[in-house]
2 protein chains.
Amino acid sequence: MTLSNLTEDKTLNLNNASKEQLQQWQTALTEQYAQIKAKNLNLDLTRGKPSAEQLSLSDGLDGMLNGNYTTESGVDTRNYGGLEGIKEAREMGADILKAPVSNVYAGGNSSLTLMYQMAFIAYHFGLNGEQSAWKHEEKVTFLCPVPGYDRHFSVCEHLGINMVTVPMTSNGPDMDAVEAAIKSDSSIKGMWCVPKYSNPTGVVYCDHTVERIAKLGNIAGDNFRVFWDNAYAIHDLSDNPVVLGNIFEHCETAGTQDSVIQFASTSKVTHAGAGVAFLAASDSNLAHYKKAISFMTIGPDKTNQLRHVNFFNAVDSLHNHMKKHAAIIKPRFATVLSHLEKAFSDNDLGEWESADGGYFISFDTRAGLAKKVVALAGDAGVKLTPAGATFPYGNDPQDTNIRIAPTVPTQAQVDEAMDVFVTCVKLASVEQALAS
Amino acid sequence: MTLSNLTEDKTLNLNNASKEQLQQWQTALTEQYAQIKAKNLNLDLTRGKPSAEQLSLSDGLDGMLNGNYTTESGVDTRNYGGLEGIKEAREMGADILKAPVSNVYAGGNSSLTLMYQMAFIAYHFGLNGEQSAWKHEEKVTFLCPVPGYDRHFSVCEHLGINMVTVPMTSNGPDMDAVEAAIKSDSSIKGMWCVPKYSNPTGVVYCDHTVERIAKLGNIAGDNFRVFWDNAYAIHDLSDNPVVLGNIFEHCETAGTQDSVIQFASTSKVTHAGAGVAFLAASDSNLAHYKKAISFMTIGPDKTNQLRHVNFFNAVDSLHNHMKKHAAIIKPRFATVLSHLEKAFSDNDLGEWESADGGYFISFDTRAGLAKKVVALAGDAGVKLTPAGATFPYGNDPQDTNIRIAPTVPTQAQVDEAMDVFVTCVKLASVEQALAS
C-alpha cells in the first residue's frame with residue numbers, strides 16, 4: 001500500500017479511528033509533508049487581487065481618450081470641478097449597483113477610501129446634521145458578520161468603533177442574531193455587508209436576508225447605517241449567476257432609504273488601484289457626504305472616469321469583459337474546490353462553500369487548527385492569509401477559518417498549493433485527534 | 001475734455017480734492033460705469049485654474065504608457081500595492097520640493113486631500129504617537145498669514161481648528177508677529193504657508209523668512225507643524241525666477257525636521273484634478289502618515305503616476321513644460337499689472353504686488369471698499385472672487401482685499417475685465433471720499 005493510498009483511499013474518519021490507525025495516518029502524512037517540504041515551493045494564496053492576465057484585459061484603457069478629454073455633456077475632464085464625478089461614470093456606477101444615477105457618486109481609485117470617509121463623516125460630522133454624529137454617543141458599535149473582510153474591521157478599529165460579530169450562514173448573516181443584537185444593544189450604529197460572493201465565504205445573500213437588512217433601519221434608529229460593500233456585484237463565475245436582491249428598492253419599500261450606503265469599484269474589473277470607485281446613497285446621505293468631502297478635495301480624477309466610460313463603450317461591454325475575467329479565474333476556483341472535495345467530502349475535517357464568484361474560498365478546519373494549518377503550509381512554501389484575519393481584531397475564537405485566494409497563481413500553481421494545503425489540514429487534524 | 005480724460009489724465013488724488021472735483025469725477029465715472037454695464041459683459045476673474053490652452057499642453061498624457069504599465073524598477077502599476085507611490089513619481093516630487101526622495105510620498109490627484117488628511121491625522125491620531133494628537137489639547141490654533149488661501153482655512157474650520165491671522169509682507173508672513181504669537185499662545189499647533197508666489201499676494205518668502213520659519217519648531221514645541229503648501233514651486237513667469245530657500249535643509253540645520261510638512265502637486269502643471277500630489281516630510285512624520293492612511297486606502301493610482309513620469313521623460317522636461325505655461329499666461333498677468341499701474345501708480349486708491357509667478361494678483365482697495373468693488377464689477381458682468389474669501393471665516397476686517405485670477409480668460413478678456421475693474425475701484429473710492 002502506498003502512502004497516498006493510506007490517506008487518500010480510506011475515509012479519514014478520525015472520530016471512530018483506533019489509536020493505531022491514527023498513528024499510521026500520522027506517519028504517512030508526516031512523510032508526505034516532508035516530501036512536499038523538500039520541494040522548496042514558493043506559492044502564494046494570500047492576496048485577493050487580479051492576476052496579470054486579468055489586468056491585461058484592460059490595457060486598452062490608456063489611450064482611450066485619443067486626445068478628446070471632453071464628455072458628451074461638454075465637461076472638460078482636465079480641469080478642476082465636478083465633485084460628484086462625471087455623469088457618464090455615475091451611470092456606470094448606477095448600472096453596477098442597480099440604483100438611480102441621481103443617487104450615485106463616482107470617485108477616485110478606492111472604494112475603501114469611500115467607506116473610510118463615510119464612516120469618518122458619520123462619526124465626526126453626522127450624516128443627518130451635526131447632532132447625528134456618532135461621536136456624541138457613549139459607545140459606537142458595528143455588527144460584523146464573520147468570517148469577513150479585514151479591511152472593514154480595520155476601518156472600525158482606526159476610528160474607535162467597537163465591533164460585535166454575528167455568524168455568517170449560507171444565506172448571509174444570521175438575521176435572527178442581527179435583529180436580536182440591534183434590539184438589545186442601542187450602541188449598534190452600523191453593520192458591514194459584502195452581499196454578493198461575500199468575502200471570504202462566497203455566499204450570496206438570499207432575497208429574504210436582503211429584505212430583512214433593508215428593514216433594520218426601522219428597529220435600529222435614525223443613525224444606523226449598513227455599509228453595503230458590493231465589491232463583487234458583477235464578478236460572476238457562472239453563466240447563470242444568482243441575482244442579488246435590490247437593497248435600494250427594498251429600502252424604499254421599507255421607508256429606510258437612509259439606512260443603507262452602497263459601495264463598489266472597478267478595482268477587480270479594470271486595473272486594481274487605478275479604477276473608479278462608486279457609492280450609492282439616499283439623497284440625504286449623499287448631500288451630507290458631498291458637503292463634507294468638499295473640504296477634502298476639489299474632486300475625483302475625471303479623466304480616468306472618462307477613460308473607463310469610453311473603454312466600456314468602445315472596446316468591450318462590462319458584461320462581456322467580466323466573462324473574460326471568469327474564463328481566466330474559473331479553472332483556478334475549480335481546482336481549489338476539486339481538491340477540497342476529494343480530500344474532505346467524506347469526512348469532517350473541513351467545511352467550505354462552493355463560490356460562484358468573487359475572489360475567495362473560505363475553509364473551516366476543525367476547531368483550534370487554523371493557525372496550525374497556516375503555519376504548516378507556510379513552512380512548506382505555501383503562503384496563506386494569517387488565520388484570524390477574517391475576524392475583528394484578528395481574533396477567530398474557534399481558530400477555524402482560513403481564506404483561500406486563488407486568482408493570482410496559475411492553475412498549475414493552485415493545484416500544487418492545494419496539494420500542500422489538504423496535506424497540512426489532514427496532518428494537523430490527525431495530530432490533534434492523537435493528542436486528545 | 002472727454003470722460004476718459006477726466007479720470008485718466010488727472011491724478012485721482014482724493015485726499016486733496018475739492019468737493020466739486022470729487023463730484024466731477026463721480027459724474028464721469030458713473031457715466032463710464034453705465035457705458036460698461038450696457039455692454040452686458042460676461043467675464044470671470046475668479047478661478048485659479050489653468051486655461052484650456054494650458055491644459056492642452058499635457059494632452060499627450062493619455063496614451064503615454066503605450067501598453068507598458070510596468071515601472072523601470074519592475075512594479076506592475078495596474079495592481080494593488082505601493083502605498084507611498086512609485087519610486088519614479090516620488091523622484092519627481094523630490095525634484096519639485098527639493099527634498100530627499102526617501103522623504104517624499106506621491107499620492108493621488110489632490111494635494112488638498114493630502115493636507116486635509118495630514119491635519120486630520122495630526123488632530124485625531126497624532127504625528128508622534130497617540131499622545132501627540134491635537135485632540136488632547138484644550139484648544140488648537142493655526143496661524144494664518146492673510147490674505148491667504150480659502151481652502152486652507154476651510155480645512156481648519158471643518159476640523160474645528162481655531163485660526164489667528166498674521167499679516168503678509170512683501171517678504172512673506174510678518175515673522176515678528178508670528179514669533180510673538182507662538183510665544184504668547186501655547187494653543188498654536190500649526191501655520192499655513194504658500195511660500196512661493198503666495199496665494200494670493202504673489203510674494204516669494206525671502207530666505208531669512210524661510211530660515212525663521214524653520215526655527216519655529218524650537219519655540220513652538222514638539223506638536224507644532226507648518227503646512228508648507230508649495231503649490232507654485234515651479235510656476236515661474238520670469239526667466240530668472242527668485243529661488244526659494246530650502247526649508248528642508250533649514251530645518252535640518254535647526255534640528256526641527258518634524259516641524260514642517262511640504263506639499264505640492266502637478267494640478268497646474270499637467271491636468272488640474274487629474275495629476276499627482278506630493279508631500280515631503282521627516283522620517284517620523286512620513287511613517288505616522290503612512291501608518292494612518294494604510295487604514296484608508298490600498299494606495300494611489302500608480303498608472304497615472306507612471307503616465308506623468310513617462311510624459312516628462314519622453315515629451316517634455318518639466319522645466320521646458322513650465323516655460324510653455326508661462327508663455328501662455330504671462331501676457332494675462334502683464335495686462336492686469338499694466339491696468340493697475342496706469343490707474344493707480346500715481347494715487348493711493350490701491351496697492352498690489354507684481355507677481356512673478358503663481359496664479360493670482362492680489363489688490364488692496366482703500367479700507368472698506370472691497371465688497372463694494374466686487375459688487376459693482378459683478379453688476380457690470382465681471383465676476384470676482386467674493387471679498388473676504390482670502391481671510392479665515394470669509395472675514396476681511398478691513399474689507400480691502402480682492403483676488404484677481406487672470407489665467408482662464410483670454411488676454412483680450414482680461415483687458416476688458418480690468419477696464420471694468422479699475423473703473424469700479426475708482427468709482428467706489430470717489431463715492432467713499434464724497435460720503436466722508
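The values are calculated or read from the model by the stated rules, or taken from the named source; none is laboratory data. Predicted, not measured: the structure shown is a model, and the values here were computed from it. Ideal geometry is used to build each Cβ from the backbone, glycine not excepted, and the neighbour counts take in all protein chains shown.
Worth a mention:
- When A:CYS193, A:CYS206 are checked against the criterion of being surrounded by fewer than 19 Cβ atoms within 10 Å (Cβ to Cβ), hydrophobic (A, V, I, L, M, F, W, C) and more than 14 Å from chain B (Cβ to nearest Cβ), a single residue qualifies: A:CYS206.
- When the range B:291-300 is limited to residues that are closer than 15 Å to A:THR113 by Cβ and in a helix (DSSP H, G or I), the one that is farthest from the other protein chains (Cβ to nearest Cβ) turns out to be B:ILE293.
Yes or no, residue by residue, for (1) out of contact with any strand residue (DSSP E or B) (no Cβ under 9 Å at 6 or more places or on another chain); (2) modelled with pLDDT under 95; (3) over 22 Å from B:ASN15 (Cα atoms); (4) not hydrophobic (A, V, I, L, M, F, W, C):
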{"position": "B:ALA314", "(1), (2), (3), (4)": "yes, yes, yes, no"}
{"position": "B:ALA326", "(1), (2), (3), (4)": "no, no, yes, no"}
{"position": "B:THR335", "(1), (2), (3), (4)": "yes, no, yes, yes"}
{"position": "B:GLU353", "(1), (2), (3), (4)": "no, yes, yes, yes"}
{"position": "B:TYR359", "(1), (2), (3), (4)": "yes, no, yes, yes"}
{"position": "B:ALA367", "(1), (2), (3), (4)": "yes, no, no, no"}
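- Residue list for the range A:147-171, filter: buried (at least 16 other Cβ atoms within 10 Å of the Cβ) and among the small types (Gly, Ala, Ser): A:GLY148, A:SER154
- Within the range A:21-57, being part of a strand (DSSP E or B) and surrounded by 19 or more Cβ atoms within 10 Å (Cβ to Cβ) holds for one residue alone: A:LEU43.
- Contact annotation: residue pairs with Cβ atoms under 6 Å, 6 or more positions apart or on different chains, pairing a residue in the range B:416-436 that is touching a residue at least 40 places away in the same chain (Cβ under 8 Å) and surrounded by 19 or more Cβ atoms within 10 Å (Cβ to Cβ) with a partner that is in a helix (DSSP H, G or I) and of a type in the set (D, E, K, R), are B:ALA428/B:LYS372.
- Members of the range A:61-86 found to be crowded, with 20+ Cβ neighbours inside 10 Å and not acidic (Asp, Glu), listed by number: A:LEU61, A:MET64, A:LEU65, A:TYR69, A:THR77, A:ARG78, A:ASN79, A:TYR80, A:GLY82, A:GLY85, A:ILE86
- Pairing each residue of the range B:301-317 that is outside any helix (DSSP H, G or I) with any residue that is surrounded by fewer than 24 Cβ atoms within 10 Å (Cβ to Cβ), provided the two are 6+ apart or on different chains, yields C-beta distances under 6 Å for B:VAL315/B:GLY60.
- Complete set of residues in the range A:349-359 that are under 15 Å from A:PHE421 (Cα atoms) and either in contact (Cβ under 8 Å) with a residue 60 or more places away in the chain or crowded, with 20+ Cβ neighbours inside 10 Å (or both): A:LEU349, A:GLY350
- Selection from the range A:210-263 of residues that are closer than 12 Å to A:ALA281 by Cα and basic (Lys, Arg): A:ARG225
- Matching residues in the range A:360-382 - criterion: being under 24 Å from A:GLN413 (Cβ atoms) and either surrounded by fewer than 17 Cβ atoms within 10 Å (Cβ to Cβ) or not assigned by TED's automatic domain parsing to the domain that holds A:ASN40 (or both): A:ALA375, A:GLY378, A:ASP379
- Hits in the range B:118-133 - residues which are touching a residue at least 24 places away in the same chain (Cβ under 8 Å) and within 14 Å of chain A (Cβ to nearest Cβ): B:MET118, B:ALA119, B:PHE120, B:ILE121, B:TYR123, B:PHE125, B:GLY126
- Flag for A:TYR80 being outside any helix (DSSP H, G or I), more than 10 Å from chain B (Cβ to nearest Cβ) and not β-branched (Val, Ile, Thr): no
- Of the criteria (1) buried (at least 17 other Cβ atoms within 10 Å of the Cβ); (2) within 20 Å of A:TYR197 (Cα to Cα), which one A:ALA334 fails: (1)
- Any hit, the range B:194-214, residues being on the phi > 0 side of the Ramachandran plot, in contact with a His (Cβ under 8 Å, 6 or more places away or on another chain) and not assigned by TED's automatic domain parsing to the domain that holds B:THR400: yes
- In this entry, B:PHE311 is excluded by the filter for residues that are closer than 24 Å to B:PHE125 by Cβ and surrounded by fewer than 24 Cβ atoms within 10 Å (Cβ to Cβ).
- In the condition set (1) of a type in the set (D, E, K, R); (2) within 10 Å of chain B (Cβ to nearest Cβ); (3) touching a strand residue (DSSP E or B) at 6+ places or on another chain (Cβ under 7 Å), A:ASP59 is compliant with all but (3).
- Subset tally (residues that are assigned to a helix (DSSP H, G or I), away from chain B (no Cβ under 14 Å) and among the hydrophobic types (A, V, I, L, M, F, W, C)) for the range A:83-112: 5
- Conditions (1) within 14 Å of chain A (Cβ to nearest Cβ); (2) over 20 Å from the mean Cα position of the chain (by Cα); (3) not aromatic (Phe, Trp, Tyr); number of the one not met by B:ALA272: (2)
- Positions within the range B:199-230 being small (Gly, Ala, Ser) and in contact with a Pro (Cβ under 7 Å, 6 or more places away or on another chain), in sequence order: none
- From the options A:ASP222, A:ASP229, A:ASP239, residue that is surrounded by fewer than 24 Cβ atoms within 10 Å (Cβ to Cβ) and either in contact (Cβ under 8 Å) with a residue 12 or more places away in the chain or assigned by TED's automatic domain parsing to the domain that holds A:LYS330 (or both): A:ASP222
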